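Read the structure below first, then the notes.
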Amino acid sequence: MADDTTDTKSSNQMWGGRFASGPDAIMEEINASIGFDKKLFAQDIRGSIAHATMLAHQGIISAEDRDKIVHGLNTILSEIESGNFEFSRQLEDIHMNVEARLATLIGPAAGRLHTARSRNDQVALDFRLWVKEELQKTEQMLTGLIAAFLDRAEEHAESVMPGFTHLQTAQPVTFGHHCMAYVEMFGRDRSRVRHAIEHLDESPIGAAALAGTGYPIDRHMTAKALGFREPTRNSIDTVSDRDFAIEFLSIAAIAGMHLSRLAEEIVIWSTPQFGFVRLSDAFSTGSSIMPQKKNPDAAELVRAKTGRINGSLVALLTIMKGLPLAYSKDMQEDKEQVFDAAESLELAIAAMTGMVRDMTVNTARMKAAAGSGYSTATDLADWLVREAGLPFRDAHHVTGRAVALAESKGCDLAELPLSDLQAIHPDITDKVYDVLTVEASVASRKSFGGTAPSEVRRQIAFWRARN
Ligand code: ARG
């Protein structure tokens, strides 16, 4: 800031040397990001402390100036944390707000902090640090959600429910198995989060405006101080890159899609028509006019938040897609998308974890529904293959006739008398009734990853060891 001493009051105190007057009001409004990037204050200050420490270590600034800078930055940190900091829109963003306050606090030494640095690498650093912390938080929250599902799966490893395709009853499954399907989904989301943390674990600071710097800085030192694995390798890419933000948004969009499917299932399951689950009072609302209603609002809002997250992903992809290297101011629009998506994702995971833990499962309703809709028809066909030696296609045909007969009589397959079944195929014996119950059906599906309680328990053990 040494060359800012000639500033007029109205021109910017950071670059006023070249400017005769301040910005138009509209310019200030479109340009300012402090309204949202103040969220990055802790990362900004942490980055500046690491940078000043490195500058002194390399003999670029004096130890005395470093001490003043570090002390001043810590003062600013507590001012902001305690709500005693006045953010100024004229100072545009968090970087200049902090630096201007530092100048007020410690005088000319503040002007040395921006040596060998630009706001381009500074914002890349602050934002990366923020996204990294958010990913770590997301990882933990997903672990909590997975744990909730594991508990419910264990409790319901044997509870039979209808498995659906096309939302039509297909074959009986266990509720535990269904819960474990979500464990797989959120487990994949969590491994995507872990990969993303690995990807972004490179320090941008020291790339400067875009070309690197002539000062003898030590980027490995700042990388280490800030908890990064190593510094980024190309200064142009470093200030142009927002992949880490887009990766966060894609992960959020995919996890959001999973959360939304779960939300949709909860909405369906909690209807009086299905009655598979009852949401706790803590996660439902009443109606102001219809006293009998209990609405799954939280699930519906999770479904809707997913729309917002998708919007943010598409917005940032679109912002970035036409930008020439290196930095362009368009990139300032990255933060609100990520902040909004992060808030939505956190809320959605928290609400779902609560709902999954709290909901009451009506196993009797599930079991009754599992037995309707000829859900064990495949078991009859499989029995004919196994016990009567029929090719599966023929067994399928015979079973189809049995289903048609049961339908015309208005009964279940297991309720057809043996004589009826034998009229359809003479090799059918009364042993067939052993496979026509829903319990026998699920117990028989012991293939790896199948719905048999023994398999579900194997899946639970696999995930318990990894959660
Ligand atoms: N507020 C800016 C942003 O969020 C900081 C970087 C500004 N750099 C610049 N060359 N104008 O992107």
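We did not get these values from a lab; they are worked out from the coordinates using the rules stated. Note that the structure is a prediction, hence the values are computed from the model and not measured. Every residue, glycine as well, gets a Cβ built from its backbone with ideal geometry; the counts of neighbours run over all protein chains shown.
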(message) What are the extents of the Cα atoms of the range 164-242 along their three principal axes, in Å, largest first?
(response) 69, 23, 12
(message) Could you work out [θ]222 nm for the chain from helices alone, using -39500 (n - 2.57) per DSSP H run of at least four and dividing by all its residues? Round to the nearest 500 deg cm²/dmol.
(response) -19500 deg cm²/dmol
(request) Determine the gain in length on full extension of the stretch residue 184-residue 295; use 0.36 nm per residue of separation and subtract their C-alpha separation, reporting nm with one decimal. (result) 37.2 nm
(message) List the chymotrypsin sites (Phe, Trp or Tyr not before Pro) within the range 272-332 that DSSP assigns to loop and that have no more than 16 neighbouring Cβ atoms inside 10 Å.
(response) 274
(request) Set the Förster distance to 60 Å, then compute FRET efficiency between residue 264 and residue 88 from the Cβ-Cβ distance, nearest 0.05. (result) 0.85
(message) Taking 10 °C and 1.306 mPa s as the conditions, I'd like the Stokes-Einstein D for the chain in µm²/s, using the Kirkwood hydrodynamic radius from alpha carbon pairs.
(response) 60 µm²/s
(message) Contact order normalised by length for the range 214-360, with contacts defined as Cα pairs under 8 Å and 6 or more residues apart; what percent is it?
(response) 30 percent
(message) If I take R0 = 56 Å and measure r between the Cβ atoms of residue 282 and residue 423 in this structure, what FRET efficiency does the formula 1/(1 + (r/R0)^6) give, to the nearest 0.05?
(response) 0.50
(message) Take residue 57 and residue 18, extend 7 Å from each Cα along the Cα→Cβ direction, and tell me the distance between the two endpoints in nm.
(response) 3.3 nm
(request) Pop a pseudo-label 7 angstrom from the Cα along the beta-carbon direction at both residue 166 and residue 393 and give the gap in nm to one decimal. (result) 2.1 nm
(request) Sort out for me the Cα centre separation of the range 396-435 from the range 165-228, rounded to whole Å. (result) 53 Å
(message) Rounding to the nearest 10 and keeping the result within 0 to 90°, find how far the Cα-based axis of helix 63-81 lies from the longest principal axis of the chain.
(response) 50 degrees
(message) Restricting the calculation to Cα positions, tell me the Rg (one decimal) and the Dmax (whole number) of the range 103-213 in Å.
(response) 24.1, 76
(message) Only four residue types carry charge here, +1 at the Cβ of Lys and Arg and -1 at the Cβ of Asp and Glu. Report the dipole size of the range 128-274 about the Cα centre in Debye, rounded to the nearest 20.
(response) 340 debye
(message) If R₀ is 51 angstrom, what is the calculated FRET efficiency for the pair residue 30 and residue 439, using the beta carbon separation as r and rounding to 0.05?
(response) 0.15
(request) On each of the three principal axes of the Cα atoms of the range 37-180, give max minus min coordinate, whole Å, ordered largest first. (result) 75, 33, 27
(message) Please list, in order, the residues from the range 188-213 whose amide nitrogen is less than 11 Å from a point placed 7 Å along the Cα→Cβ vector of residue 325.
(response) 211
